[in-house]
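The values are calculated or read from the model by the stated rules, or taken from the named source; none is laboratory data. Not measured: the values here are computed from a predicted model. Don't worry about glycine lacking a Cβ; one is built from the backbone with ideal geometry, like all the others, and counts go over all protein chains shown.
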Amino acid sequence: MVALPLNASEREAEIWRVLEQVKDPEIPVLSVVDLGIVREVKCSDDSVEVAITPTYSGCPAMNMIETNILDMLKSADYPNPKVTTVLSPAWTTDWLSESGREKLRSFGIAPPEKGVPSKRALFADTAPIQCPHCESLRTERVSEFGSTACKALHRCMDCREPFDYFKCI
Amino acid sequence: MTTPTKEALFEYVLRMGDNSLVLGHRLSEWCGHGPELEEDIALTNIALDLIGQARLLLAYAGEIEGKDRSEDDLAYLRDGMDYKNLLIVEQPNQDYSYTIVRQFLYDAFNFELYSRLLESKDQHLASIAAKALKETSYHRRHSAQWIVRLGDGTQMSHEKVQQALDELWMYTGEMFDMDEVDEGMLEAGIGVDLEAIRHHWDEHVNAVLEEATLERPQDAWMMSGGKAGKHSEHLGYILADLQYLQRAYPGAAW
(Lines give C-alpha, C1' and ligand atoms only; values in the text may rest on other atoms or scores of the structure.)
Protein backbone atom coordinates (compact mmCIF):
# COMPACT_ATOMS: atom_id res chain seq x y z
CA MET A 1 0.00 0.00 0.00
CA VAL A 2 2.82 2.40 0.82
CA ALA A 3 4.32 3.49 -2.46
CA LEU A 4 6.90 5.99 -1.31
CA PRO A 5 8.99 5.82 1.82
CA LEU A 6 7.63 8.24 4.38
CA ASN A 7 9.71 10.56 6.46
CA ALA A 8 9.55 10.38 10.24
CA SER A 9 6.83 12.96 10.79
CA GLU A 10 4.65 11.46 8.05
CA ARG A 11 5.07 8.06 9.62
CA GLU A 12 4.13 9.48 12.96
CA ALA A 13 1.02 11.14 11.54
CA GLU A 14 0.04 7.85 10.00
CA ILE A 15 0.39 6.07 13.34
CA TRP A 16 -1.86 8.65 14.96
CA ARG A 17 -4.45 7.86 12.28
CA VAL A 18 -4.14 4.15 13.06
CA LEU A 19 -4.61 4.90 16.76
CA GLU A 20 -7.82 6.72 15.98
CA GLN A 21 -9.25 3.33 15.11
CA VAL A 22 -8.55 1.97 18.60
CA LYS A 23 -11.68 2.51 20.66
CA ASP A 24 -12.24 2.66 24.39
CA PRO A 25 -13.77 -0.74 25.21
CA GLU A 26 -16.24 0.85 27.65
CA ILE A 27 -17.19 3.82 25.49
CA PRO A 28 -16.81 2.51 21.95
CA VAL A 29 -17.56 5.87 20.29
CA LEU A 30 -14.31 7.32 21.65
CA SER A 31 -10.90 6.50 20.28
CA VAL A 32 -7.84 6.51 22.47
CA VAL A 33 -6.84 9.72 20.67
CA ASP A 34 -10.20 11.36 21.48
CA LEU A 35 -9.70 10.37 25.11
CA GLY A 36 -6.36 12.14 25.20
CA ILE A 37 -4.59 9.16 26.73
CA VAL A 38 -2.02 8.82 23.93
CA ARG A 39 0.82 11.02 25.13
CA GLU A 40 3.55 10.30 22.62
CA VAL A 41 4.30 8.36 19.48
CA LYS A 42 7.89 7.52 18.66
CA CYS A 43 8.91 5.63 15.60
CA SER A 44 12.02 4.53 13.82
CA ASP A 45 12.46 2.33 10.77
CA ASP A 46 12.00 -0.87 12.67
CA SER A 47 9.97 0.02 15.76
CA VAL A 48 7.00 1.98 17.03
CA GLU A 49 6.50 3.08 20.61
CA VAL A 50 3.23 4.51 21.90
CA ALA A 51 3.09 6.07 25.37
CA ILE A 52 -0.31 6.06 27.06
CA THR A 53 -1.47 7.39 30.41
CA PRO A 54 -4.25 5.87 32.52
CA THR A 55 -7.46 7.81 33.08
CA TYR A 56 -7.83 6.29 36.57
CA SER A 57 -5.23 4.27 38.49
CA GLY A 58 -7.54 1.29 38.60
CA CYS A 59 -9.18 1.60 35.19
CA PRO A 60 -9.64 -2.03 34.15
CA ALA A 61 -9.82 -1.05 30.48
CA MET A 62 -6.15 -0.05 30.35
CA ASN A 63 -4.80 -3.56 29.75
CA MET A 64 -7.31 -4.13 27.01
CA ILE A 65 -6.52 -0.78 25.41
CA GLU A 66 -2.85 -1.69 25.41
CA THR A 67 -3.57 -5.02 23.74
CA ASN A 68 -5.86 -3.37 21.20
CA ILE A 69 -3.23 -0.78 20.29
CA LEU A 70 -0.65 -3.52 19.76
CA ASP A 71 -3.06 -5.57 17.65
CA MET A 72 -4.03 -2.59 15.55
CA LEU A 73 -0.42 -1.61 14.89
CA LYS A 74 0.51 -5.18 14.02
CA SER A 75 -2.37 -5.49 11.62
CA ALA A 76 -1.26 -2.23 10.00
CA ASP A 77 2.14 -3.90 9.45
CA TYR A 78 4.19 -1.96 11.94
CA PRO A 79 7.02 -4.12 13.20
CA ASN A 80 7.83 -4.43 16.90
CA PRO A 81 5.13 -2.17 18.31
CA LYS A 82 5.52 -1.33 21.98
CA VAL A 83 3.19 0.38 24.45
CA THR A 84 4.54 2.12 27.53
CA THR A 85 2.64 3.74 30.41
CA VAL A 86 3.43 7.20 31.69
CA LEU A 87 1.86 8.58 34.87
CA SER A 88 2.97 12.16 34.79
CA PRO A 89 1.46 14.59 34.07
CA ALA A 90 -1.74 12.99 35.33
CA TRP A 91 -4.57 12.70 32.83
CA THR A 92 -7.27 15.34 32.98
CA THR A 93 -10.63 15.48 31.25
CA ASP A 94 -9.42 18.69 29.59
CA TRP A 95 -7.45 16.42 27.26
CA LEU A 96 -10.64 15.03 25.72
CA SER A 97 -10.72 16.22 22.14
CA GLU A 98 -13.45 18.53 20.89
CA SER A 99 -14.77 15.82 18.59
CA GLY A 100 -14.58 13.38 21.49
CA ARG A 101 -16.86 15.62 23.54
CA GLU A 102 -19.35 15.74 20.67
CA LYS A 103 -19.23 11.98 20.25
CA LEU A 104 -19.89 11.50 23.95
CA ARG A 105 -22.92 13.76 23.81
CA SER A 106 -24.44 11.98 20.83
CA PHE A 107 -23.77 8.65 22.58
CA GLY A 108 -25.91 9.87 25.50
CA ILE A 109 -23.11 10.74 27.92
CA ALA A 110 -22.79 14.33 29.12
CA PRO A 111 -19.19 15.49 28.50
CA PRO A 112 -17.19 16.83 31.43
CA GLU A 113 -17.12 20.50 32.21
CA LYS A 114 -14.31 22.15 30.37
CA GLY A 115 -11.40 24.22 31.55
CA VAL A 116 -12.35 23.85 35.18
CA PRO A 117 -9.29 23.47 37.37
CA SER A 118 -9.69 20.04 38.83
CA LYS A 119 -9.60 21.18 42.42
CA ARG A 120 -12.54 23.48 41.96
CA ALA A 121 -14.47 20.78 40.21
CA LEU A 122 -13.76 18.42 43.05
CA PHE A 123 -14.76 20.62 45.92
CA ALA A 124 -17.13 23.32 44.87
CA ASP A 125 -20.56 23.05 43.37
CA THR A 126 -20.22 22.94 39.66
CA ALA A 127 -22.36 24.45 36.93
CA PRO A 128 -25.50 22.52 35.98
CA ILE A 129 -24.88 19.55 33.74
CA GLN A 130 -26.75 19.62 30.47
CA CYS A 131 -28.93 16.63 29.60
CA PRO A 132 -27.41 14.94 26.52
CA HIS A 133 -30.89 13.91 25.34
CA CYS A 134 -33.02 17.05 25.51
CA GLU A 135 -30.40 19.69 26.35
CA SER A 136 -32.28 20.80 29.45
CA LEU A 137 -30.20 22.27 32.25
CA ARG A 138 -32.71 21.10 34.84
CA THR A 139 -30.81 18.00 35.87
CA GLU A 140 -29.74 16.52 39.16
CA ARG A 141 -27.04 14.23 40.35
CA VAL A 142 -28.18 10.79 41.47
CA SER A 143 -24.75 9.48 42.42
CA GLU A 144 -21.18 10.67 42.19
CA PHE A 145 -20.21 7.22 41.01
CA GLY A 146 -21.45 5.39 37.96
CA SER A 147 -21.06 2.33 35.79
CA THR A 148 -17.34 2.92 35.27
CA ALA A 149 -14.66 4.80 37.20
CA CYS A 150 -14.90 7.78 34.85
CA LYS A 151 -18.65 8.39 35.08
CA ALA A 152 -21.26 9.71 37.52
CA LEU A 153 -25.01 9.18 37.35
CA HIS A 154 -27.42 12.06 36.73
CA ARG A 155 -31.04 12.44 35.71
CA CYS A 156 -32.98 14.98 33.72
CA MET A 157 -35.99 16.61 35.39
CA ASP A 158 -37.55 17.55 32.05
CA CYS A 159 -37.28 14.48 29.82
CA ARG A 160 -36.98 12.27 32.93
CA GLU A 161 -34.18 10.23 31.40
CA PRO A 162 -31.25 9.12 33.52
CA PHE A 163 -27.85 9.74 31.94
CA ASP A 164 -24.15 9.26 32.57
CA TYR A 165 -21.91 12.26 33.15
CA PHE A 166 -18.23 11.95 32.35
CA LYS A 167 -16.66 13.10 35.64
CA CYS A 168 -14.49 16.16 35.49
CA ILE A 169 -11.03 15.44 36.91
CA MET B 1 19.46 15.91 52.52
CA THR B 2 20.52 12.31 52.76
CA THR B 3 20.15 9.47 50.35
CA PRO B 4 17.91 6.83 51.85
CA THR B 5 18.74 3.18 51.72
CA LYS B 6 16.95 1.06 49.18
CA GLU B 7 15.43 -0.93 52.04
CA ALA B 8 13.90 2.15 53.63
CA LEU B 9 12.41 3.40 50.38
CA PHE B 10 11.02 -0.06 49.66
CA GLU B 11 9.44 -0.14 53.10
CA TYR B 12 7.95 3.32 52.69
CA VAL B 13 6.33 2.57 49.34
CA LEU B 14 5.25 -0.88 50.47
CA ARG B 15 3.33 0.56 53.43
CA MET B 16 1.37 2.86 51.16
CA GLY B 17 0.71 0.03 48.74
CA ASP B 18 -0.50 -2.21 51.56
CA ASN B 19 -2.86 0.46 52.87
CA SER B 20 -4.44 0.78 49.46
CA LEU B 21 -4.62 -2.94 48.84
CA VAL B 22 -6.13 -3.89 52.19
CA LEU B 23 -8.71 -1.11 52.22
CA GLY B 24 -9.52 -1.78 48.56
CA HIS B 25 -10.11 -5.42 49.44
CA ARG B 26 -12.29 -4.49 52.39
CA LEU B 27 -14.47 -2.24 50.26
CA SER B 28 -14.75 -4.86 47.55
CA GLU B 29 -16.48 -7.08 50.12
CA TRP B 30 -19.43 -4.71 49.79
CA CYS B 31 -19.93 -5.66 46.16
CA GLY B 32 -23.55 -6.75 45.85
CA HIS B 33 -24.29 -5.88 49.49
CA GLY B 34 -24.41 -2.07 49.44
CA PRO B 35 -27.19 -0.37 51.41
CA GLU B 36 -28.56 0.99 48.14
CA LEU B 37 -27.59 0.51 44.53
CA GLU B 38 -25.75 3.82 44.17
CA GLU B 39 -23.70 3.16 47.27
CA ASP B 40 -22.92 -0.35 46.14
CA ILE B 41 -21.50 1.17 42.98
CA ALA B 42 -19.73 3.95 44.86
CA LEU B 43 -17.98 1.63 47.33
CA THR B 44 -16.82 -0.71 44.62
CA ASN B 45 -15.63 2.22 42.48
CA ILE B 46 -13.57 3.44 45.41
CA ALA B 47 -12.27 -0.09 45.89
CA LEU B 48 -11.21 -0.11 42.26
CA ASP B 49 -9.33 3.18 42.60
CA LEU B 50 -7.57 1.89 45.70
CA ILE B 51 -6.58 -1.37 44.09
CA GLY B 52 -5.31 0.59 41.09
CA GLN B 53 -3.20 2.72 43.42
CA ALA B 54 -2.00 -0.43 45.17
CA ARG B 55 -0.88 -1.87 41.84
CA LEU B 56 1.15 1.23 41.01
CA LEU B 57 2.71 1.36 44.46
CA LEU B 58 3.45 -2.35 44.81
CA ALA B 59 4.88 -2.55 41.30
CA TYR B 60 7.17 0.34 42.21
CA ALA B 61 8.11 -1.25 45.54
CA GLY B 62 9.08 -4.42 43.71
CA GLU B 63 11.21 -2.42 41.32
CA ILE B 64 13.00 -0.64 44.18
CA GLU B 65 13.63 -3.90 45.99
CA GLY B 66 15.26 -5.37 42.90
CA LYS B 67 14.54 -8.98 43.81
CA ASP B 68 12.31 -9.59 40.86
CA ARG B 69 9.08 -9.52 42.85
CA SER B 70 6.07 -8.29 40.89
CA GLU B 71 3.05 -6.46 42.28
CA ASP B 72 1.25 -9.82 42.32
CA ASP B 73 4.08 -11.54 44.19
CA LEU B 74 3.92 -8.84 46.84
CA ALA B 75 0.14 -8.99 47.13
CA TYR B 76 -0.36 -12.75 47.03
CA LEU B 77 2.75 -14.27 48.48
CA ARG B 78 3.52 -12.37 51.67
CA ASP B 79 2.41 -13.43 55.13
CA GLY B 80 0.59 -11.19 57.57
CA MET B 81 3.63 -9.97 59.44
CA ASP B 82 5.18 -8.80 56.17
CA TYR B 83 2.15 -6.61 55.50
CA LYS B 84 2.78 -3.05 56.69
CA ASN B 85 -0.63 -1.40 56.45
CA LEU B 86 -2.21 0.75 59.14
CA LEU B 87 -4.57 -1.08 61.48
CA ILE B 88 -7.52 1.11 60.54
CA VAL B 89 -7.74 -0.21 56.98
CA GLU B 90 -8.01 -3.85 58.04
CA GLN B 91 -10.89 -3.29 60.47
CA PRO B 92 -13.99 -5.19 59.39
CA ASN B 93 -16.77 -3.50 57.44
CA GLN B 94 -19.44 -4.21 60.06
CA ASP B 95 -22.40 -2.05 59.03
CA TYR B 96 -22.44 0.80 56.55
CA SER B 97 -21.94 3.49 59.20
CA TYR B 98 -18.77 1.79 60.36
CA THR B 99 -17.49 1.43 56.80
CA ILE B 100 -18.15 5.05 55.97
CA VAL B 101 -16.55 6.36 59.18
CA ARG B 102 -13.43 4.27 58.51
CA GLN B 103 -13.40 5.66 54.98
CA PHE B 104 -13.88 9.22 56.13
CA LEU B 105 -11.01 9.08 58.62
CA TYR B 106 -8.70 7.43 56.12
CA ASP B 107 -9.65 9.56 53.08
CA ALA B 108 -8.90 12.70 55.09
CA PHE B 109 -5.45 11.31 55.92
CA ASN B 110 -4.73 10.02 52.43
CA PHE B 111 -5.68 13.33 50.90
CA GLU B 112 -3.15 15.21 53.04
CA LEU B 113 -0.50 12.56 52.39
CA TYR B 114 -0.84 12.60 48.61
CA SER B 115 -1.06 16.39 48.55
CA ARG B 116 2.39 16.57 50.17
CA LEU B 117 3.84 13.75 48.10
CA LEU B 118 3.35 15.86 44.97
CA GLU B 119 6.51 17.62 46.14
CA SER B 120 8.44 14.41 46.75
CA LYS B 121 11.99 14.30 45.42
CA ASP B 122 11.17 10.81 44.21
CA GLN B 123 9.72 11.53 40.79
CA HIS B 124 7.88 8.27 40.40
CA LEU B 125 6.25 8.53 43.80
CA ALA B 126 5.23 12.10 42.99
CA SER B 127 3.56 11.02 39.75
CA ILE B 128 1.66 8.21 41.49
CA ALA B 129 0.54 10.80 44.05
CA ALA B 130 -0.64 13.21 41.34
CA LYS B 131 -2.82 10.50 39.86
CA ALA B 132 -4.07 9.21 43.21
CA LEU B 133 -4.79 12.66 44.60
CA LYS B 134 -7.50 13.30 42.03
CA GLU B 135 -9.20 10.06 42.96
CA THR B 136 -8.73 10.54 46.69
CA SER B 137 -10.22 14.04 46.55
CA TYR B 138 -13.34 12.52 45.08
CA HIS B 139 -13.47 9.80 47.76
CA ARG B 140 -12.94 12.34 50.50
CA ARG B 141 -15.84 14.42 49.36
CA HIS B 142 -18.08 11.37 49.10
CA SER B 143 -17.33 10.03 52.58
CA ALA B 144 -17.64 13.49 54.17
CA GLN B 145 -21.08 13.96 52.60
CA TRP B 146 -22.24 10.67 54.06
CA ILE B 147 -20.91 11.53 57.51
CA VAL B 148 -23.04 14.68 57.43
CA ARG B 149 -26.04 12.89 56.03
CA LEU B 150 -25.92 10.12 58.63
CA GLY B 151 -24.78 12.25 61.56
CA ASP B 152 -27.38 14.91 60.94
CA GLY B 153 -29.98 12.36 59.87
CA THR B 154 -32.30 10.32 62.05
CA GLN B 155 -31.69 9.53 65.68
CA MET B 156 -30.75 6.01 64.74
CA SER B 157 -28.29 6.98 61.99
CA HIS B 158 -26.76 9.57 64.30
CA GLU B 159 -26.25 7.03 67.08
CA LYS B 160 -24.79 4.43 64.77
CA VAL B 161 -22.31 6.75 63.15
CA GLN B 162 -21.30 8.24 66.51
CA GLN B 163 -20.69 4.77 67.87
CA ALA B 164 -18.60 3.79 64.87
CA LEU B 165 -16.60 7.00 65.31
CA ASP B 166 -16.01 6.26 69.00
CA GLU B 167 -14.87 2.73 68.23
CA LEU B 168 -12.59 3.59 65.34
CA TRP B 169 -10.98 6.65 66.89
CA MET B 170 -8.24 4.65 68.57
CA TYR B 171 -6.89 3.67 65.16
CA THR B 172 -6.34 7.27 64.04
CA GLY B 173 -3.21 7.93 66.11
CA GLU B 174 -1.10 5.47 64.16
CA MET B 175 -1.59 7.42 60.94
CA PHE B 176 0.59 10.24 62.28
CA ASP B 177 3.29 8.21 64.06
CA MET B 178 6.76 8.85 62.69
CA ASP B 179 9.13 5.93 62.93
CA GLU B 180 12.69 5.55 61.60
CA VAL B 181 11.57 4.91 58.06
CA ASP B 182 9.33 7.98 58.03
CA GLU B 183 12.07 10.14 59.53
CA GLY B 184 14.58 8.93 56.98
CA MET B 185 12.24 9.60 54.08
CA LEU B 186 11.41 13.04 55.39
CA GLU B 187 15.09 13.78 55.77
CA ALA B 188 15.69 12.74 52.18
CA GLY B 189 12.92 14.98 50.86
CA ILE B 190 10.96 11.96 49.68
CA GLY B 191 8.45 11.37 52.46
CA VAL B 192 5.91 13.41 54.34
CA ASP B 193 6.05 14.98 57.78
CA LEU B 194 3.11 13.13 59.29
CA GLU B 195 3.03 15.20 62.43
CA ALA B 196 2.74 18.33 60.33
CA ILE B 197 -0.25 17.08 58.32
CA ARG B 198 -2.13 16.17 61.43
CA HIS B 199 -3.26 19.75 61.85
CA HIS B 200 -4.84 19.79 58.37
CA TRP B 201 -6.47 16.43 59.00
CA ASP B 202 -7.90 17.81 62.25
CA GLU B 203 -9.33 20.84 60.50
CA HIS B 204 -11.18 18.81 57.91
CA VAL B 205 -12.39 16.18 60.36
CA ASN B 206 -13.56 18.76 62.90
CA ALA B 207 -15.43 20.80 60.31
CA VAL B 208 -17.27 17.76 58.95
CA LEU B 209 -18.08 16.38 62.40
CA GLU B 210 -19.45 19.73 63.46
CA GLU B 211 -21.70 19.96 60.44
CA ALA B 212 -22.78 16.38 61.09
CA THR B 213 -23.62 17.27 64.72
CA LEU B 214 -21.25 14.52 65.84
CA GLU B 215 -18.97 14.65 68.80
CA ARG B 216 -15.27 14.28 68.22
CA PRO B 217 -14.04 11.51 70.54
CA GLN B 218 -11.39 12.33 73.11
CA ASP B 219 -7.89 11.29 72.15
CA ALA B 220 -7.05 8.40 74.46
CA TRP B 221 -4.89 5.33 74.11
CA MET B 222 -4.13 4.69 70.46
CA MET B 223 -3.62 1.29 68.85
CA SER B 224 -0.59 0.93 66.66
CA GLY B 225 1.66 -1.74 65.22
CA GLY B 226 0.53 -2.15 61.62
CA LYS B 227 3.57 -0.40 60.18
CA ALA B 228 5.78 -2.87 62.03
CA GLY B 229 3.79 -5.86 60.84
CA LYS B 230 1.87 -6.36 64.09
CA HIS B 231 -1.73 -6.69 63.06
CA SER B 232 -5.15 -7.39 64.46
CA GLU B 233 -6.49 -10.85 63.74
CA HIS B 234 -8.66 -9.41 60.96
CA LEU B 235 -5.78 -9.18 58.51
CA GLY B 236 -5.34 -12.95 58.54
CA TYR B 237 -8.89 -13.45 57.30
CA ILE B 238 -8.39 -10.89 54.56
CA LEU B 239 -5.24 -12.61 53.37
CA ALA B 240 -6.88 -16.03 53.51
CA ASP B 241 -9.51 -14.72 51.13
CA LEU B 242 -7.18 -12.61 48.98
CA GLN B 243 -4.40 -15.16 48.64
CA TYR B 244 -6.29 -18.42 48.54
CA LEU B 245 -6.02 -19.00 44.82
CA GLN B 246 -2.30 -18.29 44.51
CA ARG B 247 -1.51 -20.32 47.59
CA ALA B 248 -3.59 -23.31 46.52
CA TYR B 249 -2.61 -23.16 42.86
CA PRO B 250 0.76 -21.37 42.70
CA GLY B 251 1.25 -19.41 39.52
CA ALA B 252 -2.37 -19.80 38.38
CA ALA B 253 -3.13 -17.36 35.59
CA TRP B 254 -5.80 -16.68 33.02
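Would you mention how many residues in region B:131-156 are in contact with a Leu (Cβ under 6 Å, 6 or more places away or on another chain) and either hydrophobic (A, V, I, L, M, F, W, C) or more than 12 Å from chain A (Cβ to nearest Cβ) (or both)?
Selection size over region B:131-156: 1.
Can you tell me which residue in region B:19-38 is farthest from the other protein chains (Cβ to nearest Cβ), limited to those that are farther than 24 Å from B:LEU235 by Cβ and not in a loop (DSSP other than H, G, I, E, B)?
Once the filter is applied, the top-ranked residue is B:LEU37.
Condition first: assigned to a helix (DSSP H, G or I), of a type in the set (Asp, Glu) and in contact with a Gly (Cβ under 9 Å, 6 or more places away or on another chain). Now tell me which residues in region B:39-71 satisfy that.
B:ASP40, B:ASP49, B:GLU71
Taking the condition of being touching a residue at least 12 places away in the same chain (Cβ under 8 Å), of a type outside the set (Ser, Thr, Tyr) and either in contact with a helix residue (DSSP H, G or I) (Cβ under 9 Å, 6 or more places away or on another chain) or assigned to a loop (DSSP other than H, G, I, E, B) (or both), how many residues in region A:63-88 meet it?
13
Are any of the residues in region B:46-59 more than 10 Å from every other protein chain (Cβ to nearest Cβ), closer than 26 Å to B:SER232 by Cβ, without any contact (Cβ under 8 Å) to a residue 60 or more places away in the chain and not β-branched (Val, Ile, Thr)?
yes
I need the full set of residues from region B:46-81 which are more than 19 Å from B:LEU125 (Cβ to Cβ) and charged (D, E, K, R), in order please.
Result: B:LYS67, B:ASP68, B:ASP72, B:ASP73, B:ARG78, B:ASP79.
Hey, could you check region B:60-80 for residues that are crowded, with 19+ Cβ neighbours inside 10 Å and within 14 Å of chain A (Cβ to nearest Cβ) and say which is farthest from B:GLN243 (Cα to Cα)?
Restricting to residues being crowded, with 19+ Cβ neighbours inside 10 Å and within 14 Å of chain A (Cβ to nearest Cβ), the top hit is B:TYR60.
Out of region A:144-169, which residues are surrounded by fewer than 20 Cβ atoms within 10 Å (Cβ to Cβ) and at pLDDT 90 or above?
A:LEU153, A:ARG155, A:MET157, A:ASP158, A:CYS159, A:ARG160, A:GLU161, A:PRO162
Just give me the residues in region B:114-127 being surrounded by fewer than 21 Cβ atoms within 10 Å (Cβ to Cβ), more than 8 Å from chain A (Cβ to nearest Cβ) and assigned to a helix (DSSP H, G or I), in sequence order.
B:SER115, B:ARG116, listed by residue number.
Give me the helices (runs of 4 or more DSSP H) completely within region B:128-225, filtered to those with at least 1 residues that are modelled with pLDDT of 95 or more and surrounded by 22 or more Cβ atoms within 10 Å (Cβ to Cβ), ordered by residue number.
Answer list for region B:128-225: B:155-168, B:180-187.
Going through A:PRO132, A:PRO128 one at a time, which residue ends up being more than 14 Å from chain B (Cβ to nearest Cβ), buried (at least 17 other Cβ atoms within 10 Å of the Cβ) and in a loop (DSSP other than H, G, I, E, B)?
A:PRO132
B:LYS121 versus (1) out of contact with any helix residue (DSSP H, G or I) (no Cβ under 9 Å at 6 or more places or on another chain); (2) closer than 22 Å to A:LYS151 by Cα: which is the lone unmet condition?
Every listed condition holds for B:LYS121 apart from (2).
Rundown of residues vs (1) hydrophobic (A, V, I, L, M, F, W, C); (2) closer than 23 Å to B:THR3 by Cβ, yes/no style:
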| residue | (1), (2) |
| --- | --- |
| B:GLU135 | no, no |
| B:GLY151 | no, no |
| B:GLU159 | no, no |
| B:VAL181 | yes, yes |
| B:GLY184 | no, yes |
| B:GLU187 | no, yes |
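Six or more apart or on different chains, Cβ atoms under 6 Å: show the pairs whose first residue is in region B:233-252 and in a helix (DSSP H, G or I) and whose second is modelled with pLDDT under 95 and surrounded by fewer than 12 Cβ atoms within 10 Å (Cβ to Cβ).
Close Cβ pairs (under 6 Å, with a partner that is modelled with pLDDT under 95 and surrounded by fewer than 12 Cβ atoms within 10 Å (Cβ to Cβ)) amount to B:LEU245/B:ALA252.
Determine if region B:81-101 includes at least one residue that is within 14 Å of chain A (Cβ to nearest Cβ), in contact (Cβ under 8 Å) with a residue 12 or more places away in the chain and part of a helix (DSSP H, G or I).
So far as region B:81-101 goes, yes, one or more of its residues are within 14 Å of chain A (Cβ to nearest Cβ), in contact (Cβ under 8 Å) with a residue 12 or more places away in the chain and part of a helix (DSSP H, G or I).
Check A:TYR56 against each of (1) surrounded by 21 or more Cβ atoms within 10 Å (Cβ to Cβ); (2) farther than 28 Å from B:ALA42 by Cα; (3) of a type outside the set (D, E, K, R) and name the one condition it does not meet.
Failed condition: (2).
Sort out which residues of region A:73-105 are surrounded by 18 or more Cβ atoms within 10 Å (Cβ to Cβ), of a type in the set (A, V, I, L, M, F, W, C), more than 14 Å from every other protein chain (Cβ to nearest Cβ) and over 14 Å from A:GLU49 (Cβ atoms), and write them in order of number.
A:LEU96, A:LEU104
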